[in-house]
1. If R0 is 25 Å, what FRET efficiency do you get for Leu18 and Thr74 from their C-beta distance, rounded to 0.05?
2. So, with a 1.4 angstrom probe, what is the percent of accessible area on the chain that is carbon and sulfur?
3. For a quick check of understanding: with a 1.4 angstrom probe and all protein chains in place, what accessible area in square angstrom does Val68 have, to the nearest ten?
4. Would you mind computing, in nm to one decimal, how far apart the modelled labels at His61 and Ala38 are, each placed 7 Å from Cα along Cα→Cβ?
5. What residue among Gln15, Gln95, Gln44 shows peak mean-square fluctuation when the chain is described by a Gaussian network model with Cα springs under 10 Å?
6. Taking springs between alpha-carbon atoms closer than 10 angstrom, which of Asp64, Asp30, Asp72 fluctuates most in the Gaussian network model of the chain?
7. Using DSSP to call loops (not H, G, I, E or B), can you name the GluC sites (Glu not before Pro) in the range 6-68 whose Cβ has at most 13 other Cβ atoms within 10 angstrom?
8. Tell me the label-point distance for the pair Asp107, His9, using the 7 Å Cα-to-Cβ offset, in nm and rounded to one decimal.
Amino acid sequence: KDEMVELPHAIFDCQEKLLKKIMDKCCPHDVPEGTKIALLGGIQVNTPLGTPEYFLPKVFHLMDSNGVFEKDLTEALLEEGNRDIKEVIREKRLQAKMDNLKAHLADVPIMEG
(Lines give C-alpha, C1' and ligand atoms only; values in the text may rest on other atoms or scores of the structure.)
Protein backbone atom coordinates (compact mmCIF):
# COMPACT_ATOMS: atom_id res chain seq x y z
CA LYS A 1 0.00 0.00 0.00
CA ASP A 2 1.12 3.55 -0.71
CA GLU A 3 1.66 5.28 2.63
CA MET A 4 1.12 8.74 1.09
CA VAL A 5 -2.34 7.60 -0.03
CA GLU A 6 -3.22 5.83 3.22
CA LEU A 7 -2.14 8.68 5.54
CA PRO A 8 -4.85 11.22 4.62
CA HIS A 9 -7.52 8.51 4.93
CA ALA A 10 -6.23 7.54 8.40
CA ILE A 11 -6.19 11.21 9.46
CA PHE A 12 -9.72 11.66 8.15
CA ASP A 13 -10.90 8.66 10.19
CA CYS A 14 -9.39 10.20 13.36
CA GLN A 15 -10.97 13.58 12.63
CA GLU A 16 -14.34 11.93 12.02
CA LYS A 17 -14.16 10.26 15.45
CA LEU A 18 -13.27 13.60 17.05
CA LEU A 19 -16.18 15.31 15.32
CA LYS A 20 -18.51 12.56 16.57
CA LYS A 21 -17.37 13.29 20.15
CA ILE A 22 -17.97 17.01 19.62
CA MET A 23 -21.45 16.36 18.18
CA ASP A 24 -22.33 14.04 21.08
CA LYS A 25 -21.30 16.73 23.57
CA CYS A 26 -22.99 19.69 21.82
CA CYS A 27 -26.25 18.15 20.63
CA PRO A 28 -28.89 18.97 21.68
CA HIS A 29 -27.62 21.36 24.39
CA ASP A 30 -25.90 23.92 22.16
CA VAL A 31 -28.01 23.59 19.01
CA PRO A 32 -31.42 25.29 18.76
CA GLU A 33 -34.35 22.88 18.37
CA GLY A 34 -35.28 22.34 14.72
CA THR A 35 -31.87 23.34 13.37
CA LYS A 36 -30.45 21.13 10.63
CA ILE A 37 -26.74 20.33 10.69
CA ALA A 38 -24.84 19.47 7.52
CA LEU A 39 -21.58 17.62 8.01
CA LEU A 40 -19.25 17.66 5.01
CA GLY A 41 -15.88 16.01 5.28
CA GLY A 42 -13.29 14.71 2.93
CA ILE A 43 -9.72 14.88 1.76
CA GLN A 44 -8.14 17.84 -0.01
CA VAL A 45 -5.79 16.53 -2.68
CA ASN A 46 -2.94 18.93 -3.39
CA THR A 47 -1.83 18.89 -7.00
CA PRO A 48 1.13 20.34 -8.88
CA LEU A 49 1.19 24.04 -9.76
CA GLY A 50 -1.09 24.79 -12.71
CA THR A 51 -3.35 21.83 -11.98
CA PRO A 52 -6.73 22.33 -10.26
CA GLU A 53 -6.95 21.20 -6.65
CA TYR A 54 -9.23 18.25 -5.92
CA PHE A 55 -11.56 17.55 -2.99
CA LEU A 56 -12.49 13.94 -2.32
CA PRO A 57 -15.77 14.00 -0.38
CA LYS A 58 -16.11 11.12 2.05
CA VAL A 59 -19.05 12.24 4.19
CA PHE A 60 -21.96 14.57 3.58
CA HIS A 61 -24.66 13.95 6.18
CA LEU A 62 -27.73 15.86 7.25
CA MET A 63 -28.40 15.68 10.99
CA ASP A 64 -31.15 17.06 13.21
CA SER A 65 -30.59 19.34 16.21
CA ASN A 66 -30.17 16.29 18.45
CA GLY A 67 -27.30 15.03 16.31
CA VAL A 68 -29.40 12.21 14.89
CA PHE A 69 -28.58 11.18 11.32
CA GLU A 70 -31.36 12.06 8.86
CA LYS A 71 -29.97 11.67 5.36
CA ASP A 72 -26.79 10.78 3.48
CA LEU A 73 -26.21 13.41 0.78
CA THR A 74 -22.84 12.05 -0.36
CA GLU A 75 -24.17 10.35 -3.50
CA ALA A 76 -26.06 13.47 -4.59
CA LEU A 77 -22.88 15.52 -4.09
CA LEU A 78 -20.84 13.10 -6.18
CA GLU A 79 -23.46 13.04 -8.94
CA GLU A 80 -23.53 16.85 -9.05
CA GLY A 81 -19.73 16.98 -9.07
CA ASN A 82 -19.58 14.61 -12.03
CA ARG A 83 -21.90 16.69 -14.21
CA ASP A 84 -20.35 18.24 -17.28
CA ILE A 85 -19.54 21.83 -16.30
CA LYS A 86 -20.17 23.05 -19.86
CA GLU A 87 -23.68 21.61 -19.71
CA VAL A 88 -24.30 23.21 -16.30
CA ILE A 89 -23.21 26.62 -17.63
CA ARG A 90 -25.35 26.17 -20.75
CA GLU A 91 -28.39 25.32 -18.60
CA LYS A 92 -27.85 28.35 -16.35
CA ARG A 93 -27.48 30.71 -19.33
CA LEU A 94 -30.63 29.33 -20.95
CA GLN A 95 -32.55 29.70 -17.68
CA ALA A 96 -31.35 33.32 -17.31
CA LYS A 97 -32.50 34.10 -20.86
CA MET A 98 -35.90 32.51 -20.21
CA ASP A 99 -36.30 34.43 -16.94
CA ASN A 100 -35.42 37.69 -18.73
CA LEU A 101 -37.93 37.00 -21.50
CA LYS A 102 -40.69 36.17 -19.01
CA ALA A 103 -39.97 39.34 -17.07
CA HIS A 104 -40.48 41.45 -20.21
CA LEU A 105 -43.61 39.79 -21.58
CA ALA A 106 -46.52 42.12 -22.13
CA ASP A 107 -49.77 41.17 -20.46
CA VAL A 108 -52.28 41.44 -23.30
CA PRO A 109 -55.88 40.66 -22.42
CA ILE A 110 -57.76 38.43 -24.86
CA MET A 111 -60.90 40.09 -26.18
CA GLU A 112 -63.87 37.84 -26.60
CA GLY A 113 -66.29 38.80 -29.30
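The values are calculated or read from the model by the stated rules, or taken from the named source; none is laboratory data. From a predicted model like this one, the values you see are computed outputs, not experimental measurements. Note that each Cβ is placed from the backbone with ideal geometry, even for glycine, and that neighbours are counted across all protein chains shown. Just the protein is used for accessible areas: all its heavy atoms, side chains included, with ligands, DNA and RNA removed. Shrake-Rupley method; radii C 1.70, N 1.55, O 1.52, S 1.80 Å.
1. Details: r = 20 Å, r/R0 = 0.78.
That pair, Leu18 with Thr74, gives E of 0.80.
2. Numbers: 5880 of 9750 Å².
That share works out to 60 percent.
3. Near enough 80 Å² of accessible area.
4. 1.7
5. Comparing Gln15, Gln95, Gln44 in the GNM, the peak value goes to Gln95.
6. Among Asp64, Asp30, Asp72, the largest mean-square fluctuation in the Gaussian network model of the chain belongs to Asp30.
7. Values: sites: Glu6, Glu16, Glu33, Glu53; in loops: Glu33, Glu53.
Here the GluC sites (Glu not before Pro) that fit, given the DSSP loop and packing criteria, are Glu33, Glu53.
8. Calculated label separation equals 6.0 nm.
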